[in-house]
1. Going through segment 294-321 one residue at a time, which ones are modelled with pLDDT of 90 or more, of a type in the set (A, V, I, L, M) and under 14 Å from the mean Cα position of the chain (by Cα)?
2. Regarding segment 129-151, can at least one residue be identified that is within 19 Å of the chain's Cα centre (by Cα), crowded, with 19+ Cβ neighbours inside 10 Å, free of Cβ contacts under 8 Å to residues at least 40 places away in the same chain and more than 21 Å from residue 59 (Cα to Cα)?
3. List the residue pairs whose Cβ atoms are under 9 Å apart, where the first residue sits in segment 341-361 and is more than 18 Å from residue 226 (Cβ to Cβ), the second is of a type in the set (S, T, N, Q) and crowded, with 18+ Cβ neighbours inside 10 Å, and the two are 6 or more positions apart or on different chains.
4. Just for segment 208-245: of the residues that are of a type in the set (S, T, N, Q) and surrounded by fewer than 20 Cβ atoms within 10 Å (Cβ to Cβ), which one is modelled with the highest pLDDT?
5. Criterion first (without any contact (Cβ under 8 Å) to a residue 24 or more places away in the chain and in a helix (DSSP H, G or I)) does residue 170 satisfy it?
6. Name the residue, out of 210, 154, 204, that is within 15 Å of residue 316 (Cα to Cα), among the polar types (S, T, N, Q) and outside any helix (DSSP H, G or I).
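The values are calculated or read from the model by the stated rules, or taken from the named source; none is laboratory data. The structure displayed is predicted, hence computed values, not measured ones. Note: ideal-geometry Cβ built from the backbone for every residue, glycine included; neighbour counts use all protein chains shown.
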Amino acid sequence: MPGTLDLDLDLDLDLDLDLAALGGGGRGMRYNTEDFPKLMPPAPTVKVPAGRYKANWDRENRAWAYVQEFIVSCFGGTAIPKIMYEFDKQIKIFPVPYSVGATTKLDDPALSQEVLKVLNTSIERPDRAREIASQASGAGSLRYWSGLLRLDTSQQPAAALLIVVARMIGEYVVMSLKDQYKMLRPAQIYPWIVPLIDGPDTPSFPSGHSLQSHLITGMLKLALTPKVEAPTVQGASPLIKDFQTTPEDIAKVAAKAVGKKAIDPEGATAINAGAWVQVGGLGVEYPQTARALDVLADRVARNREIAGLHYDMDTLAGKYAAALCLQEINKRWAYAPAPGNPPSLFTQLINDATAELSERP
């Protein structure tokens, strides 16, 4: 009616206090007003605390100290050149893309065979689709190792940290290798390959899932009782032939290792081929936990081929790079130093993880 003031006083007083979206990390944000300092004493008196920050702080960030120690201890500050040199030396077990020195170079016929292998593995997608999707992320993959070992991170913090350390070292190594070779992924080579899931924006060779999976498995084997060391890897590495076999062949390889009669298909006596499955001398049974870890690493790696994201050569190269890393870890990093020198971070971590996993068969 005339003379009535129609005031729109719909004030939005609904304060959105979900401050996690603003960077509060789920704990909310706090602002100190200009009046807050007035509540403080003019010159606060504090003392240096006797205690220090908790030892088991965030695993993901704490693992970087081990990555740095790995680089310095195993390769004198440069981990990647040695691994690339081994790839390019006399590799025979998988083709190496864009390599000058490799015996088995990637050419058109070899790449055609690699693409055919990717196509042939796709028949397994229905059975493994959910598994592949769950392993797409780093955290999703790690749950398979923690589940196999029945790890409670509050009860076995060292073993849980060891898994993260292996993953992060593997990521450091594989990203450097990927940048060296810059191999296109299968779907970029042959458009009839449609990946089951979207892959990361990284080159194909070597497979990160393969390298990291076998590095995680290899490091965990060092924490078993008795520990299982990686094989010696040499150049062209016919000695690693048996290490490259499928999970179904693990029992056969173990038997050959115990008898020290491991012979590679090219006729060379592979004294060290079975070192991966030989523990403490002749007649020692290969631990069931180690065998299960082997199968898991191979399966996670192969899942990436089934998903259409990697070639078979990527998987083998990742496994081979993991063996090279583990060889250096065994020689330089995993055991106590000379008398009078403090143990490395990794030595202590292995010892702590061994105590936590002592009841595994």
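1. 296, 297, 300, 301
2. no
3. Hits for this filter: 344/73; 346/73.
4. 225
5. It is false that residue 170 is without any contact (Cβ under 8 Å) to a residue 24 or more places away in the chain and in a helix (DSSP H, G or I).
6. 204
For (1) in contact (Cβ under 8 Å) with a residue 24 or more places away in the chain; (2) surrounded by fewer than 24 Cβ atoms within 10 Å (Cβ to Cβ); (3) over 16 Å from residue 114 (Cβ atoms); (4) not β-branched (Val, Ile, Thr), each residue gets a yes or a no:
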{"position": "304", "(1), (2), (3), (4)": "yes, no, no, yes"}
{"position": "307", "(1), (2), (3), (4)": "yes, no, no, yes"}
{"position": "311", "(1), (2), (3), (4)": "yes, no, no, yes"}
{"position": "316", "(1), (2), (3), (4)": "yes, yes, no, yes"}
{"position": "326", "(1), (2), (3), (4)": "yes, no, yes, yes"}
